[in-house]
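The values are calculated or read from the model by the stated rules, or taken from the named source; none is laboratory data. Note that the structure is a prediction, hence the values are computed from the model and not measured. As a convention, Cβ positions derive from the backbone with ideal geometry for all residues, glycine included, and neighbour counts pool all protein chains shown.
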Amino acid sequence: MSDFNVVDEWIIYAERDYEIALHLSKTFHPLPVENICYNCQQATEKAMKGILILHKGDYPRTHDIESLHELCKEAGIDFGLTPSMTRTLTRFAKKSRYPDDVYDFADTDTEIGIKYAEQILTQAREVLDNAKKEVDKSETHKIKASEEVPQE
């Protein structure tokens, strides 16, 4: 089990990327679709990497959401993404970084990205919070057990 503070930082960074995407989607017109989609992909990637740190202690240096999702599933965390969803999120990273890589994003891509990112972030935060509760419960149990040991 990893240090919760490190994992929490990853989730916070993911939440910031998500908040940036939301802000852009609500305040900019015309929509900067590629920027919104990129931030949604980044939020998803960082949340998954945080969960991998929590369960495996490390994460691969990749932007491929499908491979990150598979590693999370191996660690017992299934975010419920279909292969189509993971390919979409990965495409958001690959096709939105540089002007010559831009593909024809649609406004609906922003809705999809925001929906997927929110789903992953909510679940990642729950996984982290539950892990913290389990440790707290275990430590409380240890303290109670040590108090019950008769003193000689």
Criterion violated by A14 - all others in (1) among the aliphatic types (A, V, I, L, M); (2) at pLDDT 95 or above; (3) not in a helix (DSSP H, G or I) satisfied: (3)
The one condition in (1) over 20 Å from E126 (Cβ atoms); (2) of a type in the set (D, E, K, R); (3) in contact with an Asp or Glu (Cβ under 7 Å, 6 or more places away or on another chain) that K26 fails to fulfil: (3)
Does E9 satisfy the condition of being out of contact with any Phe, Trp or Tyr (no Cβ under 7 Å at 6 or more places or on another chain), in a helix (DSSP H, G or I), surrounded by fewer than 20 Cβ atoms within 10 Å (Cβ to Cβ) and at pLDDT 95 or above? yes
Answer yes or no: is there a residue in region 61-71 that is surrounded by fewer than 19 Cβ atoms within 10 Å (Cβ to Cβ), small (G, A, S) and modelled with pLDDT of 95 or more. yes
Among H63, H29, the single one that is within 13 Å of the chain's Cα centre (by Cα), more than 30 Å from D136 (Cβ to Cβ) and outside any helix (DSSP H, G or I) is H63
Residues of region 14-23 being crowded, with 17+ Cβ neighbours inside 10 Å and free of Cβ contacts under 8 Å to residues at least 60 places away in the same chain, in sequence order, are I20
